[in-house]
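Here the structure is laid out as structure tokens; the discussion comes afterwards.
What follows is calculated from the coordinates using simple rules that are stated; it is not laboratory data. All values derive from a computational prediction rather than experimental measurement. Neighbour counts are summed over all protein chains in view; Cβ atoms, including those assigned to glycine, are modelled from backbone coordinates with ideal geometry.
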Amino acid sequence: MLGKRRIYSERWWNKKKLWILLSFSIFLILVRISKGSFYRDIYYFLSTPFWPGQSQKEILLKSYEQELFATLSQLEKDNQRLRELLSLQRVSQEDKINASVISRQTGSWWRILILNKGSRDGVEIGDVVVGPGGLLGVIDNISFLTSSVKLITSTDSKLGVWTQRENIHGLLIGQGNDSPLLTFYLKEIDVKVGDFVFSSPASTLLPANLPIGIIETIDKESSPSVIASVKLLANPHAIDWVQILKMRI
């Protein structure tokens with residue numbers, strides 16, 4: 001009798017292990033098929049109690065002040081140049097979605113943020129993400145409940161920008177660190193440390209004149225064009241709340 005019980009217990013345990021392995025295999029297949037979005041939706045529920053609140057006020061207030069100053073300076077320039085004659089993209093209040101940062105990978109070459117808004121909320125790949133200070137990046141992956149932001153500091157980020165003081169166009173390229181490089185199209189240009197950098201009105205990917213950063217260093221000896229490093233106005237390491245801009249081009 002005891003032997004029969006032992007055999008039955010062993011069979012029950014073997015069946016349990018089989019179901020555990022089968023369940024784990026199905027989970028891995030779902031993660032593989034969904035490219036991580038299934039995992040992120042689970043993480044969405046697990047991380048809900050730990051979502052950020054109103055923290056790091058000093059950093060955010062400083063970013064807001066810099067953004068305001070840069071925006072006002074650019075508006076003055078736009079008025080002088082008859083901005084209404086330019087065909088600039090517009091973003092209305094109805095096209096903005098508020099979102100919370102629930103995870104971040106800002107210390108590696110991935111350079112992404114995970115937000116708590118996804119396709120359920122109308123988020124789409126290519127939507128622009130801004131925070132206190134200015135531009136952060138672009139939505140590059142979505143799930144039903146979450147979305148990921150490719151930061152402008154990422155190594156595969158390239159954006160058309162221009163400087164505020166002289167409206168000189170260039171290409172902002174992420175380097176995988178906190179200071180993307182700005183490559184200008186011309187060799188002989190008038191750029192200075194402290195010049196503000198904005199998204200270009202010629203861009204088809206971004207709204208025009210989003211504040212991005214300040215020129216920190218300039219290498220005029222580089223060839224074939226001048227290269228500058230840019231200090232971002234928005235700090236992805238500290239930002240807890242962002243806005244997603246729905247593009248209407």
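Under a Cβ-only charge scheme (Lys and Arg +1, Asp and Glu -1), can you give me the dipole magnitude of region 155-209 about the Cα centre, in debye to the nearest 20?
On the way: 4 positive and 6 negative charges, 11 e Å.
Computed charge dipole of region 155-209: roughly 60 debye.
In whole percent, what relative contact order does region 192-235 give with Cα contacts below 8 Å and a gap of six or more residues? Intermediate values should be presented prior to the final figure.
Working: 76 pairs, mean separation 14.6, N = 44.
Relative contact order, region 192-235: 33 percent.
As a footprinting exposure proxy, order Tyr64, Tyr44, Tyr185 by other Cβ within 10 Å, with the fewest listed first. Mind dumping the intermediate values first?
Working: Tyr64 14, Tyr44 20, Tyr185 11.
So the residues, fewest neighbours to most, are Tyr185, Tyr64, Tyr44.
Fewest neighbouring Cβ atoms within 10 Å first, the residues Ser25, Ser148, Ser100 line up as Ser25, Ser100, Ser148.
Once C-alpha pairs closer than 8 Å and six or more residues apart are averaged by separation and normalised to the residue number of region 159-235, the relative contact order reads 30 percent. For region 123-170, relative contact order (Cα pairs under 8 Å, six or more residues apart, normalised by length) works out to 22 percent.
Are any of the pairs Lys62/Lys187; Lys158/Lys220; Lys96/Lys158; Lys62/Lys246 more than 28 Å apart by Cα-Cα distance, and if so, which? As for pairs spanning more than 28 Å Cα to Cα, those are Lys62/Lys187.
Can you tell me the order of 160-168, 221-229 when each peptide is scored by its average per-residue count of other Cβ atoms within 10 angstrom, highest first? All intermediate terms of the calculation are to be shown ahead of the outcome.
Details: 160-168: 18.9, 221-229: 14.9.
Result, highest mean Cβ count within 10 Å first: 160-168, 221-229.
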